[in-house]
Structure formats: C-alpha cells, structure tokens
1. Which of the residues belonging to the range 1-37 are touching a residue at least 60 places away in the same chain (Cβ under 8 Å), open to solvent by 70 Å² or more (accessible area, probe 1.4 Å) and farther than 30 Å from R166 by Cβ?
2. Go through the residues of the range 126-133 one by one and say whether even a single one is polar (S, T, N, Q) and under 22 Å from A72 (Cα atoms).
3. From the list R194, R119, which one is surrounded by 12 or more Cβ atoms within 10 Å (Cβ to Cβ), charged (D, E, K, R) and in a loop (DSSP other than H, G, I, E, B)?
4. Can you tell me which residue in the range 38-70 is farthest from S128 (Cα to Cα), limited to those that are within 16 Å of ligand 2 (Cβ to nearest atom) and assigned to a strand (DSSP E or B)?
5. Among the numbered criteria (1) open to solvent by 20 Å² or more (accessible area, probe 1.4 Å); (2) of a type in the set (S, T, Y); (3) touching a Lys or Arg at 6+ places or on another chain (Cβ under 8 Å), which single criterion is violated by S290?
6. State whether one or more residues within the range 171-179 are touching a residue at least 12 places away in the same chain (Cβ under 8 Å) and part of a loop (DSSP other than H, G, I, E, B).
7. Taking the range 5-37 on its own, how many of its residues are in contact with a helix residue (DSSP H, G or I) (Cβ under 8 Å, 6 or more places away or on another chain), of a type in the set (D, E, K, R) and assigned to a helix (DSSP H, G or I)?
8. Kindly check whether there is at least one residue in the range 71-89 that is assigned to a loop (DSSP other than H, G, I, E, B), away from ligand 1 (no atom under 16 Å from the Cβ) and modelled with pLDDT under 90.
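The values are calculated or read from the model by the stated rules, or taken from the named source; none is laboratory data. Being a predicted model, the structure only gives us computed values, none of them experimental. We place every Cβ from the backbone using ideal geometry, glycine too, and count neighbours over all the protein chains shown. Ligands, DNA and RNA are excluded from the accessible area calculation, which covers all protein heavy atoms including side chains. Shrake-Rupley method; radii C 1.70, N 1.55, O 1.52, S 1.80 Å.
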Amino acid sequence: MDVGKYVQPFRVTGGDLRLADYDPGDTGGLALEKKEARELLASGVELLAELQAKLYADDRWSLLVVFQAMDAAGKDSAIKHVMSGVNPQGCEVHPFKVPTAHEIDHDFLWRASVQLPARGHIGIFNRSYYEEVLVVRVHPEILDRQKLPSGLVGSRIFKERLEDIRSYERYLGRNGTAIIKFFLNVSKDEQKRRFLERIDNPEKHWKFALGDIEERTYWNAYMAAYEDAIRETGTTEAPWYVVPADKKWFTRLVVAGAIIERLAQLGLEYPRNSEATPQQMAAARKALLSER
Ligand code: ATP
Ligand code: MG
C-alpha cells in the first residue's frame with residue numbers, strides 16, 4: 001500500500017496546529033467498499049508483521065505507540081485490528097486508568113516508565129502519561145489528590161508537564177525507543193451515535209459508562225487541552241498523528257501506515273549470525289543431513 005500518501009497529511013511535528021483544521025470524517029479521498037478496505041488493511045498488517053520480526057531479531061530499537069482519544073473514538077478496535085498480525089511475544093499493550101494509590105506515590109512518568117517496551121519490542125499505551133495534561137487539565141481538582149508539595153503546583157504546571165514530556169520523549173529516542181503518537185479524532189456527533197448504539201445494543205452495554213456522558217459535556221475543554229498537548233509535543237522524533245476517526249476503516253489504515261512508516265525508517269535488518277562461520281554452518285548442515 002502507498003503508505004505515505006495517506007499518512008503524511010495527519011502528521012504533526014511542530015509548528016502551529018489547529019484541531020479545527022482536521023476533519024474527523026476525512027477519508028483521504030478514498031471511497032472504499034468494506035471488502036477493499038479490509039484487503040488493503042490486510043496487506044498493511046502483513047507488512048507490519050515482517051517489520052516487527054526484524055525489530056525483534058535486531059534487538060536494538062523498541063517502538064512505543066501511544067493512543068489517546070475521547071471515549072468511543074475506537075482506540076481498542078484500532079489496536080485490535082492493526083496489531084492482529086504481530087507476534088504476541090514481541091508486543092505488549094498497557095491500558096492507563098485512574099492512577100492507584102501506589103502510582104500516585106510516584107512522579108507522573110513513573111508508571112509509564114515501568115511499562116516501556118524492551119529493545120526489540122513494540123509497546124502500546126492505551127492512554128498514557130498524556131492524561132496528566134488532558135483529563136487533569138480539564139479537571140484540575142485531580143491535582144489535589146496527587147500529593148504534590150504545594151509550592152510545586154502553580155499556574156504553569158501544565159506547561160511544565162508538557163516540557164517534561166517533550167524532554168522525556170527526546171531522552172527515550174536517544175536511547176533507542178522510537179515513538180509515535182495517535183490522537184483518534186472523532187467528532188462529537190459520531191461519539192453521540194456510538195454512545196446511543198452502546199445503549200441500544202445489549203451486547204455493547206458493558207462498554208457504556210454513565211461517566212462518559214458527563215465527560216462529553218467538557219468536549220471543548222478537552223479539545224483545547226489536546227490541541228496544546230499536540231502542538232507542544234509533536235516533534236520529528238516523536239510525531240503526533242491527528243487521525244480521522246469517524247470512519248473506522250480509514251482510522252485503521254492511517255494507523256497501520258504510520259507504524260509501518262516509522263518502523264521502515266529504522267533501517268532494520270536481520271542480524272548476521274556472529275557466532276558461526278560459513279564453514280561451521282556448512283559442517284553443521286552436513287552433520288544434520290548425515291544423521292541416521
Ligand atoms: P474504554 O472506556 O473504551 O473501555 P478507557 O480507556 O476509556 O477505555 P476507562 O476505564 O473507561 O478506559 O477509563 C480510564 C479513565 O482513566 C479515563 O477516563 C481516563 O481519563 C482516566 N485516567 C487515565 N489516566 C489518568 C490520570 N493520570 N489521572 C486521572 N485520570 C486518569
Ligand atoms: Mg472509558
């Protein structure tokens with residue numbers, strides 16, 4: 001698949017950004033039938049699996065993939081579909097929920113640090129340390145529960161956190177963790193439609209939380225927080241992608257394409273066998289074939 005064409009328009013690596021310029025219903029000019037979209041994604045998934053195998057064998061780089069979004073934007077299903085071909089042995093998914101008492105007893109990046117992917121692995125964060133400049137910014141009363149020394153909580157706290165996140169990601173990059181971040185950009189109307197579907201379909205009741213309806217009333221505050229976070233932390237090394245999320249098939253294509261592109265940039269190759277010489281390999285082959 002021609003990855004770059006579908007991915008590039010949504011990449012944010014700095015500069016001014018206005019979320020209002022991004023259409024959640026965008027499909028990159030593609031009008032695919034379900035079957036075609038499935039086939040295109042399948043070829044992406046296959047490519048991704050090949051790249052992951054090399055990432056694992058190479059064992060130097062790791063890839064951190066961050067997903068952030070409003071409720072019902074499709075984080076879970078994007079993760080499920082895009083990662084469907086990868087070897088589970090080299091991939092971990094971590095959801096980030098309301099911090100536990102133990103987590104709150106540490107700095108805000110601590111709980112993420114302990115879940116970072118090892119070399120050769122892909123780590124997926126379903127929500128992340130970005131919640132500290134999103135939900136906490138929208139509901140600053142959460143800060144009162146974070147046990148921070150009062151002198152450290154000032155009007156600049158979210159600017160400082162964004163600065164710290166940017167430095168943290170630069171640090172990780174310099175240590176061999178490639179980072180890619182997705183904001184699944186669903187529209188308020190589409191969220192409503194998906195909530196209604198969850199209410200109307202008993203098999204989807206488990207996904208419905210009363211609190212989600214309440215959170216929706218803070219939509220504009222969330223968009224402002226996302227806009228600032230993406231603007232301040234989108235870099236060439238750790239780009240954000242503002243992925244249209246009203247059409248799930250297109251969301252998945254962009255996500256798959258962006259991950260493929262990032263992995264392809266790492267110049268991964270299967271390592272040579274440094275232990276055995278070609279002569280030793282030939283001898284081993286001969287020994288195997290002459291076994292009885
Ligand atoms: P889904 O609803 O699709 O199952 P989810 O990611 O929304 O997935 P939930 O258990 O509903 O999972 O929500 C997790 C909640 O935890 C979110 O509302 C999120 O804002 C909140 N959260 C995550 N990190 C933090 C944090 N650092 N401080 C406060 N709240 C947080
Ligand atoms: Mg939720």
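1. Result: M1, K34.
2. So far as the range 126-133 goes, yes, one or more of its residues are polar (S, T, N, Q) and under 22 Å from A72 (Cα atoms).
3. Selected residue: R119, the only one of R194, R119 that is surrounded by 12 or more Cβ atoms within 10 Å (Cβ to Cβ), charged (D, E, K, R) and in a loop (DSSP other than H, G, I, E, B).
4. Here the answer is A69.
5. Status for S290: all satisfied but (3).
6. yes
7. Summing the residues that are in contact with a helix residue (DSSP H, G or I) (Cβ under 8 Å, 6 or more places away or on another chain), of a type in the set (D, E, K, R) and assigned to a helix (DSSP H, G or I) in the range 5-37 gives 1.
8. No; the residues of the range 71-89 include none that is assigned to a loop (DSSP other than H, G, I, E, B), away from ligand 1 (no atom under 16 Å from the Cβ) and modelled with pLDDT under 90.
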